[in-house]
Protein chains: 2
Amino acid sequence: MTPPSPAAIAELEAALPAGSWTRDSAEIAPWLTEWRNRWTGETPLMLTPRSTAEVARAVTICASHGVAILPQGGNTGLVGGQVPFGEVLLSLRKMRAVRDVTPLDDAMTVEAGVTLLEAQQAATAAGRFFPLSLAAEGSATIGGVISTNAGGTAVLRYGMMRELVLGIEAVMPDGQIFNGLKRLRKDNTGYDLKQLLIGAEGTLGVVTAATLKLFPIMRSRATAVVGLETPHAAITLLARAKAETGGGVEAFELMKRIGVEFALKHIPDTRELLDSTPPWYVLIELTSGEPGAAEAGMERILSAAFEEGLIIDAAIAQNETQARAFWKVREEQSAAQRPEGGGWKHDVSVPVSQIADFLDEATTAVQQFEPGARVSAFGHVGDGNMHYDILCPPGADLKAFLGRWEAGSRVVHDIVDRYDGSISAEHGLGRLKTEEAMRYKSPIEIQTMRAIRKAIDPRRIMNPAVLF
Amino acid sequence: MTPPSPAAIAELEAALPAGSWTRDSAEIAPWLTEWRNRWTGETPLMLTPRSTAEVARAVTICASHGVAILPQGGNTGLVGGQVPFGEVLLSLRKMRAVRDVTPLDDAMTVEAGVTLLEAQQAATAAGRFFPLSLAAEGSATIGGVISTNAGGTAVLRYGMMRELVLGIEAVMPDGQIFNGLKRLRKDNTGYDLKQLLIGAEGTLGVVTAATLKLFPIMRSRATAVVGLETPHAAITLLARAKAETGGGVEAFELMKRIGVEFALKHIPDTRELLDSTPPWYVLIELTSGEPGAAEAGMERILSAAFEEGLIIDAAIAQNETQARAFWKVREEQSAAQRPEGGGWKHDVSVPVSQIADFLDEATTAVQQFEPGARVSAFGHVGDGNMHYDILCPPGADLKAFLGRWEAGSRVVHDIVDRYDGSISAEHGLGRLKTEEAMRYKSPIEIQTMRAIRKAIDPRRIMNPAVLF
């Protein structure tokens with residue numbers, strides 16, 4: 001990686017208006033660390049362009065000097081892909097325009113720095129729904145969630161970000177602008193370049209704007225928490241709920257009792273979800289275009305499941321406040337672990353049908369590797385995606401425990417691999433997992449990805465430390 | 001393009017078992033012409049491998065000799081991408097295994113030569129639904145519909161083939177096997193190579209198998225035909241129907257009176273769709289997970305539309321037979337044109353909100369260019385996709401008319417381009433449209449596509465005549 005020379009920095013500063021760049025370390029500092037405090041980066045220059053033309057000008061100059069660039073959105077990534085170590089930091093957060101919303105096309109075009117929450121709000125204001133939703137949505141930007149192909153809680157029904165993008169505008173590594181902001185549902189005219197940019201973690205270009213798919217606002221919604229003996233029962237319940245509603249399951253989130261206990265203990269304003277304390281919980285959300293249908297479907301599904309002994313307890317939210325209380329326990333699962341000491345974090349997926357077997361096998365293996373470790377598995381089980389976190393045994397030496405993270409992760413990832421799963425379901429590889437992924441990707445995949453990258457960015461100036 | 005030398009042919013024949021290759025021209029002949037009879041190809045050798053290993057062996061040999069390969073599925077393509085002119089013809093149609101169906105994953109893995117209809121049937125047998133559906137589904141193969149990113153009649157609800165593929169197995173241009181047959185909903189570990197292969201028209205590798213997404217079987221379905229004064233009314237009706245059903249519109253197909261008349265005149269067992277004869281028709285199909293909801297929704301939507309004067313007539317199918325009769329008129333729109341003499345065919349898309357304006361503008365321009373020409377526009381208006389066909393003026397010289405196809409298409413395509421549309425919505429570019437597409441793609445897109453192709457297939461042996 002080539003850090004910028006003084007000449008390159010001077011050229012960048014001259015090319016951009018005041019306010020579109022800074023070298024002030026106090027101004028830059030907040031953008032050099034991330035949420036989990038795992039990395040503290042450094043950069044000689046932060047660019048904050050306000051238009052696509054400014055981004056193109058900056059990238060062209062960096063390209064001419066062979067200077068490395070790291071694009072950054074809301075800085076909410078969990079794998080360090082947004083933290084510079086000498087690269088020019090190209091923050092998109094000042095590109096904040098909602099360029100247009102066209103309800104008849106179920107589409108809107110927003111710039112990269114618009115937050116996910118603002119995008120959702122722009123859709124709602126036009127009588128439509130933008131489904132991507134995740135805990136960091138107040139800060140995460142559209143450019144970031146595209147570049148990391150973010151997932152979240154409604155993937156089961158609406159898909160990952162990859163499926164929600166109709167068009168992309170990007171500045172390519174040579175500084176040319178690719179204008180692919182089409183509002184089309186169908187366009188078979190060559191390779192789908194936008195699909196290549198989605199999930200590329202900033203290595204193939206800088207996403208500056210996107211046209212997003214919008215959906216109708218649903219007319220009924222029902223939220224429930226159920227208690228189960230095992231994750232196996234959860235998988236059976238999921239299949240029933242999907243069949244019974246014709247695909248109306250919007251969220252299906254698994255939690256373990258230990259994770260609920262952490263939330264009750266450490267997060268203010270949380271309360272028990274059920275009268276009983278089952279070993280496993282599922283939070284289910286059904287939606288429907290028919291008024292009343294989601295509520296009726298939930299009643300029907302849960303009554304039948306209860307009578308058959310598939311579930312051992314259930315509570316249907318009686319109002320929006322109660323639904324939010326259910327969701328709060330789910331959303332705080334990660335934060336609630338922190339006061340318990342650090343953990344080995346995993347973001348893995350396996351086929352849905354295998355998730356219960358995976359959990360059994362992984363937990364046994366982890367106990368063998370690290371006796372007394374506490375497993376707090378939770379997540380989007382409807383998509384086969386678990387945040388499989390392993391916490392320090394109570395009273396054990398935390399620092400030594402964290403020192404075994406890599407070896408412990410290997411135990412988990414090897415099992416994931418045997419189940420034909422993924423060691424990064426929704427967070428991406430970033431700085432954290434690129435090397436680990438090399439173990440599990442086949443040579444032809446790595447060879448092909450490298451060839452593509454070299455073809456598009458021959459000098460490897462775009463986010464050079466991440467991916468292959 | 002390098003045609004195979006006798007040495008290369010001998011090596012291929014020696015490497016594959018008897019029955020996996022032929023030079024018999026009678027056996028090869030049916031695979032050298034296509035449905036529209038526009039091209040008659042030639043090949044020195046047709047390979048019909050029965051396993052991925054055989055495909056890999058064949059591609060490795062071709063690669064070592066630099067010999068061009070053209071992969072073919074069911075030979076139902078409409079743009080000539082499957083017709084060889086000297087390339088080795090690699091037919092996938094003997095790779096016919098359904099490898100597995102796992103209903104709990106809503107997934108099944110099938111080989112490239114399985115027909116679309118057989119794939120649908122395998123899904124149904126497992127209590128699930130595979131939504132891709134098109135007129136040629138009895139012959140079109142999974143490998144073909146992946147390589148062309150096929151669309152069809154249910155895109156509005158389920159997306160193009162691109163959105164229905166979870167994993168791909170392919171033989172890359174150097175003969176290596178890429179095993180990407182994952183059953184995962186979430187996997188963020190680098191560039192999505194399967195998305196690059198989908199719609200690549202056989203230029204980046206040979207798709208040998210795929211893992212497909214399955215869906216729940218719907219519990220209610222309603223089919224109706226409505227009559228309207230203008231396509232503008234159709235767009236308004238579409239938005240209402242989507243909002244009212246929460247996205248339950250599965251098909252929304254526009255037809256012009258002239259197309260319905262052609263069907264009544266030339267296709268046996270067709271009858272008038274409505275008591276009246278409106279200038280425009282829409283065929284609507286609603287589905288729902290709730291029993292009875294599709295029928296109730298259809299009644300509600302059409303009653304309101306009728307009262308407001310948005311539609312001028314409507315008929316709801318009272319049974320499956322009547323629904324099939326409605327669909328027949330729609331599905332035969334293309335075949336029904338043939339006895340009227342040839343036409344200039346277009347497969348275009350524009351943003352849904354613009355489709356009515358596009359139709360007005362294009363039809364005026366076509367009339368100016370070719371007075372008396374008859375426009376038979378029909379198609380998937382819910383996706384902004386029209387098959388915009390222009391038929392010879394009655395009594396005019398057909399041959400001379402067909403000679404003006406290219407110039408006439410230019411008139412249409414230039415208007416499509418002004419509406420930010422696509423000159424190939426669902427058929428692909430193939431031999432027919434690659435050159436035309438060069439006019440409308442930006443230099444950065446063409447440059448990037450060429451760089452990717454060169455990186456993956458440096459000797460350009462894969463389907464060399466199509467795409468950029």
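Points to keep in mind about this one:
- Anisotropy class of the stretch B:49-107 from Cα gyration tensor, a/c 1.5 cut: oblate
- Over the stretch A:341-428, volume per residue of the alpha carbon convex hull, in Å³: 83
- Calculated on the alpha-carbon coordinates, the convex hull of the stretch B:220-331 measures out at 87 cubic angstrom per residue.
- Counted by neighbouring Cβ atoms within 10 Å, the residues B:ARG439, A:ARG128 run from fewest to most as B:ARG439, A:ARG128.
- Globularity index of chain A, i.e. its alpha-carbon radius of gyration over 2.2 N^0.38 Å: 1.00
- Normalised by 2.2 N^0.38 Å, with N the number of residues, the alpha-carbon radius of gyration of the stretch B:284-433 equals 1.22.
- Ranked from shortest, the separations from the 7 Å Cα-to-Cβ label point of A:ILE258 to its equivalents in the other copies are 7.2 nm.
- Integer Hz, Karplus 6.51/-1.76/1.60 couplings in order for the stretch B:165-175, x for Gly and Pro: 10, 8, x, 9, 10, 8, 9, 7, x, 9, x
- Sorting A:ASP174, A:ASP187, B:ASP269 by the number of Cβ atoms found within 10 Å of their own Cβ, with the fewest placed first, yields B:ASP269, A:ASP174, A:ASP187.
- For chain A, the longest principal axis of the C-alpha atoms and the axis of helix A:320-331 are separated by about 70°.
- Length gained on full extension, A:THR2 to A:GLU436, computed as 0.36 nm times the residue gap minus the Cα-Cα distance: 153.8 nm.
- Only Lys, Arg (+1) and Asp, Glu (-1) charged, at Cβ; the stretch B:10-150 dipole about Cα centre in debye: 120
- Other residues within the sphere of radius under 15 Å centred on the Cβ of A:SER20, judged by their own Cβ, net out at 0 (K and R +1, D and E -1).
- Residues with amide H under 5 Å from that of A:MET95, placed H, sequence gap 5 or more: A:GLY113
- In sequence order, the stretch A:393-404 has phi-based couplings of x, x, x, 7, 6, 4, 5, 5, 4, 5, x, 9 Hz under the Karplus curve 6.51 cos²θ - 1.76 cosθ + 1.60, θ = phi - 60°, and Gly or Pro positions carry x.
- Hz values of 3J(HN,Hα) by residue in the stretch B:354-359 - Karplus curve (6.51, -1.76, 1.60), Gly and Pro given as x: 9, 5, 5, 5, 4, 4
- Net charge contributed by nearby residues that have their C-beta within less than 11 Å of B:ALA239 (K/R +1, D/E -1): 0
- Contact order relative to length of chain A, as percent, for alpha carbon pairs under 8 angstrom and 6 or more apart: 15
- Chain A: angle of helix A:52-65 to the longest principal axis, Cα-based, in degrees nearest 10: 70
- In summary, the convex hull built on the alpha carbon positions of the protein assembly as shown has an orientation-averaged projected area of 38.9 nm².
- About its Cα centre, the dipole of the stretch B:224-377 is roughly 380 debye, where the only charges are +1 on Lys and Arg Cβ and -1 on Asp and Glu Cβ.
- Other-copy label distances relative to B:ILE217, 7 angstrom Cα-Cβ extension, nm: 3.6
- Chain A: angle of helix A:405-418 to the longest principal axis, Cα-based, in degrees nearest 10: 70
- Built amide H within the under 5 Å cut-off of A:SER133, gap 5+: A:THR153, A:ALA154
- For A:GLU11, A:GLU290, the sequence from fewest to most other C-beta atoms within 10 Å is A:GLU11, A:GLU290.
- About its Cα centre, the dipole of the protein assembly as shown is roughly 1680 debye, where the only charges are +1 on Lys and Arg Cβ and -1 on Asp and Glu Cβ.
Every number in this text was worked out from the coordinates using simple rules, so none of it is lab data. All values derive from a computational prediction rather than experimental measurement. In this analysis, Cβ positions are derived from the backbone assuming ideal geometry, glycine residues included, and neighbour counts consider all displayed protein chains.
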